[in-house]
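Working notes for the structure below.
Rule-based calculations on the coordinates, nothing more; no lab input. Since the structure is predicted, the reported quantities are computational estimates derived from the model, not experimental observations. Neighbour counts run over all protein chains shown; Cβ positions are idealised from the backbone, glycine included.
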Amino acid sequence: MKILDGKLLSKKIKEEIKLEVDGFLSNGYRAPHLVAVLVGEDPASKFYVKSKMKSCEQVGFRSTNMVVDKSITQLDLLSIIGDLNKDQGVDGYIVQLPLPEHLDVDIVLEAISPDKDVDGFHPVNMGKLILGLDTFVPATPLGIIEIIKRYNIPTEGKDVVIVGRSNIVGKPMSICLSQKGYPGNSTVTIVHSRSKNIEEKLKQADIIIAAIGKPNFVKEHMVKEGAVVIDVGINRVEDSSKKSGYSLVGDVDFDNVAPKCSYITPVPGGVGLMTVTALMINTLKSYKKKYEFE
Ligand SMILES: NC(=O)c1ccc[n+]([C@@H]2O[C@H](COP(=O)([O-])OP(=O)(O)OC[C@H]3O[C@@H](n4cnc5c(N)ncnc54)[C@H](OP(=O)(O)O)[C@@H]3O)[C@@H](O)[C@H]2O)c1
């Protein structure tokens, strides 16, 4: 069994990005610039934005954390988005989700210019993904793709079972792995809360991608010998041995599943870090498009 080390891989990719950015700077170009719009004070959202800003610093990007009050109206938020769309000094931006209930997430995401939509959630970018056109792949699937590519995990003809059909993970991941080419050419099944015989389907899988948000859902008896297991889940469970009172676990019962796998991602230290790194990849891509380096 081999660990798919998201920490190590993130470090390596970030070093590669930093080298590229240093090259741009030494040739007189400005640094790539990522903006995060944070609506309100949700502690998890604050944590995620902070880690994105920290990654920007590590790769030499400029970053701006734009914090707005949680009572902001839809119109005012759309006005901020309009300004970011026009700002030539911004290469990409994200509106951190979830949004307070009074805001319509679909309208907000659609207002983001597809050219700056480094989260890849805009319908135009999702459409391009389905058509196999060049686009911003949403950060979590892109991070998983990088893991697969960099560990040379074969995907052609493989049976992949993705647990979870969210717009940000399960659905786009299924598109990526069923595309022609590498990583892709897989036979993908998506299961969700209404699926029958999930255990049977998982047992057939060469590659399992778990993204449901249920701690330790995927158990040893559901995984075949030699499977590749990618755990997207980030769940807080009570843990009195920790100072914080909780620990983070994935959707996979790691300790018991790992010995059966050929490869597995840990939680933490797997997909989560790669998701942030993938956002850096998308921001660099946007910047390079603007200056026609691509
Ligand atoms: N590592 C990262 O960077 C990263 C990024 C994003 C999310 N996450 C984590 O990944 C997990 C999933 O996130 P998400 O946003 O994709 O989730 P989500 O939007 O909550 O969707 C969960 C999916 O799991 C399905 N599901 C729930 N219970 C199930 C069950 N008992 N059996 C089968 N399917 C079930 C749901 O089915 P229905 O559609 O039928 O409701 C839904 O499709 C969470 O732990 C989240 O924190 C991690």
* At q = 0.28, 0.29 Å⁻¹, what base-10 log of I(q)/I(0) does the Debye formula yield for segment 168-234 when every alpha carbon is treated as an equal point scatterer in vacuo? -> -1.51, -1.54
* Tell me, what is the percent relative contact order of the chain, built from C-alpha pairs under 8 Å that lie six or more residues apart? -> 21 percent
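Can you give the translational diffusion coefficient of segment 28-113 in µm²/s, computed by Stokes-Einstein from the Kirkwood radius over Cα pairs at 10 °C and 1.306 mPa s? Show your work: numbers first, answer last.
Working: Rh = 13.4 Å.
My calculation gives 119 µm²/s for D.
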* All other residues with a Cβ under 9 Å from the Cβ of Leu9 taken together, and with Lys, Arg as +1 and Asp, Glu as -1, what is their net charge? -> +2
* Asked: Which whole-Hz ³J(HN,Hα) couplings does segment 107-121 yield from phi under the Karplus relation 6.51 cos²θ - 1.76 cosθ + 1.60, θ = phi - 60°, glycine and proline marked x?
  -> 5, 4, 5, 5, 6, 5, 4, x, 6, 10, 7, 6, 7, x, 9
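What is the Cα radius of gyration of segment 96-250 over 2.2 N^0.38 Å, N being its residue count?
So the Cα radius of gyration is 1.13 times the expected 2.2 N^0.38 Å.
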* Asked: Do you know the relative contact order of segment 28-113, to the nearest whole percent, from alpha carbon pairs under 8 angstrom that are 6+ apart?
  -> 41 percent
* **Dipole magnitude of the chain, debye to nearest 20 (Cβ charges: Lys/Arg +1, Asp/Glu -1, about Cα centre)** => 560 debye
* Could you work out the mean projected area of the convex hull around the alpha carbons of the chain, in square nanometres to one decimal? => 15.8 nm²
* Asked: What span do the alpha-carbon atoms of segment 162-294 cover on each of the three principal axes, reported in whole Å from largest to smallest?
  -> 50, 41, 29
